[in-house]
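Here the structure is laid out as structure tokens; the discussion comes afterwards.
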Amino acid sequence: MKDLVARALTEIAAPWTVNIASCLILGFAIGHPGWGAFVALFAGVLPMALIVWGMVRDRIGNHHVTEHSERHGLIGAILVLVLVALVVQLVAQGPKEMIALTCAGLVTLVGIGVWTSGVGVKASVHMGVWCGVVAVLAVALSAWWWTGLILAPAIAWSRMRLKHHTGKEIAVGAGTGLVIAPLTYLAIVNFPY
């Protein structure tokens, strides 16, 4: 039963689903649902399509990319996708809030990449995305979003219960998202342009 609960939490809090939800929430909240859907495509749908493609080609073992060695190229590919989304938003003069959210995700992913490929710690992307999204929505929309952190221990438990991460990897992922994402968002959204 505990494994079933852990699997359910892991799926609900998967980075691609959390990214899609956050983009749509922010897009609707600022009156630009189309831009929210556009960023959701590049931050959630297409990254998951890359993962599935990697699984079909036997380069990725599962949709949570639990093997450390499988993450390096994938992180680079997702960075390219997010950069494309950012360039389109800048050229088309998209809403600054969506640009700031994209930058927050991009810089957080770079941080996760540094931990993963540079330092050798398989930082939890689940925790980085969850904590980063909660923090960005809290600073962008309402402090009530901070209550989303109540679920962070349950998500962390699920990742450890399934033996996908250690406590250290959970802490590194959570800390990276919790610090980098909101600071980047605030820096970009308040940048005079």
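Odds and ends about this structure:
- Of the solvent-accessible surface of region 14-105, computed with a 1.4 Å probe and all protein chains present, 70% belongs to carbon and sulfur.
- Annotation note: trypsin sites (Lys or Arg not before Pro) in region 118-175 located in DSSP loop regions with a Cβ neighbour count of at most 10 within 10 Å are 163.
- Difference of contour (0.36 nm per residue) and Cα-Cα distance, residue 59 to residue 187: 42.4 nm
- Using the 1.4 Å probe convention, the accessible area of the chain works out to 48 Å² per residue with neighbouring protein chains retained.
- Tensor-based shape of region 111-161 (alpha-carbon gyration tensor, a/c under 1.5 rounded, otherwise prolate or oblate): oblate
- Cα gyration tensor shape for region 94-193, rounded if a/c is under 1.5, else prolate or oblate: oblate
- Fully extended contour minus Cα-Cα distance, from residue 110 to residue 12, at 0.36 nm per residue: 32.9 nm
- Restricting region 62-156 to GluC sites (Glu not before Pro) in coil, as DSSP defines it, with at most 15 other Cβ within 10 Å: 67
- In plain terms, the chain from residue 150 to residue 29 could stretch by 41.3 nm, reckoned as 0.36 nm per residue minus the Cα-Cα distance.
- Put a plus charge on the Cβ of each Lys and Arg, a minus charge on the Cβ of each Asp and Glu, and nothing anywhere else: the dipole of the chain about its Cα centre is then about 300 debye.
- Counting lysine pairs in the chain that sit 8 or more residues apart in sequence, or on different chains, and whose Cα atoms lie under 25 Å apart gives 5.
- Prolate/oblate/rounded label for region 7-68 (Cα gyration tensor, a/c 1.5): oblate
- Between residue 66 and residue 88, the C-beta separation translates, for a Förster distance of 30 Å, into a calculated FRET efficiency of about 0.40.
- Per-residue 3J(HN,Hα) values for region 100-115, derived from phi via the Karplus relation 6.51 cos²θ - 1.76 cosθ + 1.60 with θ = phi - 60°, read 5, 5, 4, 4, 4, x, 4, 5, 5, 5, 4, x, 4, x, 4, 4 Hz in sequence order (x marks Gly and Pro).
- Cα long-axis angle, helix 15-29 against the chain (0 to 90 degrees, to the nearest 10): 20
- What the phi angles of region 69-76 give under the Karplus curve with 6.51, -1.76 and 1.60, with θ = phi - 60°, is a coupling list of 5, 7, 7, 4, x, 4, 4, x Hz, glycine and proline written as x.
- Estimated from helices alone, the mean residue ellipticity of the chain at 222 nm is -22500 deg cm²/dmol (sum of -39500 (n - 2.57) over DSSP H runs with n ≥ 4, per residue).
The values are calculated or read from the model by the stated rules, or taken from the named source; none is laboratory data. Model, not experiment: these values are computed from the prediction. With ideal geometry, Cβ positions are generated from the backbone for all residues, glycine too; neighbour counts draw on all protein chains shown. In case anyone asks, the SASA skips ligands and DNA or RNA and just uses the protein heavy atoms, side chains included. Shrake-Rupley method; radii C 1.70, N 1.55, O 1.52, S 1.80 Å.
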